[in-house]
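Let me begin by presenting the structure, written as structure tokens, before commenting on it.
The values are calculated or read from the model by the stated rules, or taken from the named source; none is laboratory data. This one's a predicted model, so the numbers in the text were calculated from it and none came from an experiment. FYI the Cβ positions are ideal-geometry reconstructions off the backbone, even for glycines, and counts take in every protein chain you see.
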Amino acid sequence: MADQQQQIPRKGLSEASYAVHRPSDSEASPSNAVEEELVEHDQHERTHTPPPYSGPASPTRAPEAQWQSQIDCPGLPKLDYRLYSPSSFTLSQDQTTISSRDPQLNTQRTALLTLIQRLAYIPPKPHIRIVGKGSDGSIDFDVKFNAMNLILPKGEKQRMNYIKTIPPGELGFRGQIKKTAGPGLEGLERWVRNYCEDDSSIKHFALDRIVINWDTSYLEGRLLSLLKNISYRGHVTVTFPVTHSRVMIHSPDKMNRFISNVTKVFTGTHKYEPVKSIWPYANMPRGEPGRRCAVQDEDAWFDDWKDSIAHAVLSRRKSWITIEDRLEVLMEPKPMMNGKPAEWGTT
């Protein structure tokens, strides 16, 4: 059976949310008074907080020209993919986290604030992975599906993403070593200011990108039923990993890494994790009235891809399932899909 999934969070009425940047080629570059403009923009947003699940407002300021290089290629989401690997950042081996120890990002709040806002604009990469193992432990198939398109409508104005800062009363890292329920600060720039003014030798600031309202438990059940219907009797694991989901700013290495690790043991790390970039699959959980999906609901996706998944599994593939698989099933129906195959996966 699949690994237990995280509970899908929902945006509450009391949560602070802020508009994210939506680049436009026609917008001018920012002025020198970047910080004052950001504070003014945040104050405006707090007095006009969007209702739950509403789409973000249009931007009041533009990214610099170097960030305006979005890839516009048929079949690919329109994004500035350079934001996934900014200068001075490294990607973790599991592809979940980019990290930097740039001294400028630890002391200059305008630089850190601008970077966090830009990195909050791009989504994580959720995907579906289905693995089947025979009774002898051998892998019969291992297929993956990139689900990033399911949280990215074609039009940027239709996107549902927003930024959420930690509200009062919610446990989280607010600059201490351990999680606390307070204080609650209004506005991302206030958290950034606190971090940059913190003179602790060991500290970090984090941004998390999260997918919400995607009913992975329901999808897991449908996928398991599909494999049963094509007579697979091995052990199946369905998971929903999310990569490119975390940004970490660490304090600079003023001493060698060994001494830094020893220091952590005695003093601890001041952790700032107050902000999340929320990417809704839908405006509310599955089954609730008025639900609206960013692209399509879980049943529509399953109906579109079930034959391609079945074909990939029966072919004992160990690869990604792509649009080419969908085209192949539509244009060249496979004989094996016309009848139920014999049981397999038990040896």
Among the residues of the stretch 68-86, is there at least one that is in contact with a Leu (Cβ under 8 Å, 6 or more places away or on another chain), modelled with pLDDT under 50 and either surrounded by fewer than 16 Cβ atoms within 10 Å (Cβ to Cβ) or not in a loop (DSSP other than H, G, I, E, B) (or both)? no
Would you confirm, using the coordinates I've provided, whether Val143 is within 23 Å of the chain's Cα centre (by Cα), in a strand (DSSP E or B), more than 29 Å from Leu105 (Cα to Cα) and modelled with pLDDT of 90 or more? yes
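Among the residues that make up the stretch 95-107, is at least one of them aliphatic (A, V, I, L, M), more than 30 Å from Leu224 (Cβ to Cβ) and assigned to a loop (DSSP other than H, G, I, E, B)?
If we filter the stretch 95-107 for residues that are aliphatic (A, V, I, L, M), which is where we start, we get 98, 105.
Filter again for more than 30 Å from Leu224 (Cβ to Cβ), leaving 98, 105.
Those still in the list that are assigned to a loop (DSSP other than H, G, I, E, B) too: none.
No, the stretch 95-107 contains no residue that is aliphatic (A, V, I, L, M), more than 30 Å from Leu224 (Cβ to Cβ) and assigned to a loop (DSSP other than H, G, I, E, B).
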From the options Glu298, Glu273, residue that is modelled with pLDDT of 95 or more and either surrounded by 13 or more Cβ atoms within 10 Å (Cβ to Cβ) or aliphatic (A, V, I, L, M) (or both): Glu298
Only residues that are out of contact with any Leu (no Cβ under 9 Å at 6 or more places or on another chain) and buried (at least 18 other Cβ atoms within 10 Å of the Cβ): list them for the stretch 128-147, please. Val131, Asp140, Val143, Lys144, Phe145, Ala147
Just checking, which of Glu156, Glu197 is surrounded by fewer than 21 Cβ atoms within 10 Å (Cβ to Cβ), under 30 Å from Ile71 (Cβ atoms) and out of contact with any Pro (no Cβ under 7 Å at 6 or more places or on another chain)? Glu156
Pairs under 8 Å by beta carbon, first residue closer than 12 Å to Arg118 by Cα in the stretch 73-90, partner of a type in the set (Lys, Arg), six or more apart or different chains? Leu83/Arg118
Against the conditions (1) under 23 Å from Asp80 (Cβ atoms); (2) outside any strand (DSSP E or B), where does Pro126 fall short? Just the number, please. (2)
Odd one out for Ala300 among (1) in contact (Cβ under 8 Å) with a residue 12 or more places away in the chain; (2) assigned to a helix (DSSP H, G or I): (1)
Taking the stretch 177-229 as the search range and keeping residues that are without any contact (Cβ under 8 Å) to a residue 40 or more places away in the chain and in a loop (DSSP other than H, G, I, E, B), which one is farthest from Asp299 (Cα to Cα)? Asp199
Just checking, does the stretch 312-320 include any residue being more than 16 Å from Ser231 (Cα to Cα), at pLDDT 95 or above and surrounded by 19 or more Cβ atoms within 10 Å (Cβ to Cβ)? no
Residue check for Leu112: more than 16 Å from Ser245 (Cβ to Cβ), at pLDDT 95 or above and surrounded by 15 or more Cβ atoms within 10 Å (Cβ to Cβ): yes
Which of the residues spanning the stretch 151-176 are in contact (Cβ under 8 Å) with a residue 24 or more places away in the chain and among the hydrophobic types (A, V, I, L, M, F, W, C)? Ile151, Leu152, Met160, Ile163, Ile166, Phe173
Pairs where the first residue, in the stretch 97-108, is within 18 Å of Asp199 (Cα to Cα) and free of Cβ contacts under 8 Å to residues at least 40 places away in the same chain and the second is assigned to a helix (DSSP H, G or I) and of a type outside the set (D, E, K, R), C-beta under 8 Å, 6+ apart: Gln104/Ala111
Among the candidates Thr239, Thr216, which residue alone is surrounded by fewer than 17 Cβ atoms within 10 Å (Cβ to Cβ) and modelled with pLDDT of 95 or more? Thr239
Could you tell me whether Ser251 is modelled with pLDDT of 90 or more and surrounded by 20 or more Cβ atoms within 10 Å (Cβ to Cβ)? yes
